[in-house]
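The values are calculated or read from the model by the stated rules, or taken from the named source; none is laboratory data. Given the structure is predicted, the values throughout are model-derived calculations rather than measurements. Heads up, the Cβs are rebuilt from the backbone with ideal geometry, glycines too, and the neighbour counts pull from every protein chain shown. The accessibility values were calculated without ligands, DNA or RNA, using every heavy atom of the protein model including side chains. Shrake-Rupley method; radii C 1.70, N 1.55, O 1.52, S 1.80 Å.
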Amino acid sequence: MKIICVGKLKEKYWQEAMEEYQKRLNKYIRLELIEVKDEGLVEEKKAINIEKERIEKYLSPKDYIITLEIEGKMLNSREFSKELEKTSIENSNIVFIIGGSYGLSEEIKNRANLHLSFSKMTFPHQLF
């Protein structure tokens, strides 16, 4: 399982939290975190396109892609667990993609097998 995230965890406490969760999850799955550079606050379309290219370097045609989007499907914890369990039986290459400040490109969204939303609210990027 991979998590591709636009932006890097800069604060030590976020890095430590990620390492702790990775350690816990590694008992069950191999989790790879890939952080690609955030283009920053440049023109929106330009940033999204550059970030799209950075994300695509880590994708393969075999990947089952789950994008995290505010417009995505909202599941409760049990529904999410069942969805992930079912998906992991059928697909060994599960990839979660978290976009940058401006979100994800339409091309990345169109490649997704599941569009997932944790909430309609906005959260700190590092939390996801």
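Brief remarks on what is shown
- Residue check for residue 60: open to solvent by less than 90 Å² (accessible area, probe 1.4 Å), over 22 Å from residue 122 (Cα atoms) and part of a loop (DSSP other than H, G, I, E, B): yes
- Criterion violated by residue 51 - all others in (1) over 17 Å from residue 67 (Cβ atoms); (2) without any contact (Cβ under 8 Å) to a residue 60 or more places away in the chain; (3) open to solvent by less than 100 Å² (accessible area, probe 1.4 Å) satisfied: (1)
- Candidate set from region 4-25 (those that are part of a loop (DSSP other than H, G, I, E, B) and either open to solvent by less than 70 Å² (accessible area, probe 1.4 Å) or within 17 Å of residue 95 (Cβ to Cβ) (or both)); member that is modelled with the highest pLDDT: 7
- For region 63-100, the set of residues classified as open to solvent by 80 Å² or more (accessible area, probe 1.4 Å) and of a type in the set (Ser, Thr, Tyr) consists of 77, 92, listed by residue number.
- Screening residue 33 against (1) assigned to a strand (DSSP E or B); (2) among the aliphatic types (A, V, I, L, M); (3) at pLDDT below 90 leaves a single unmet condition, (3).
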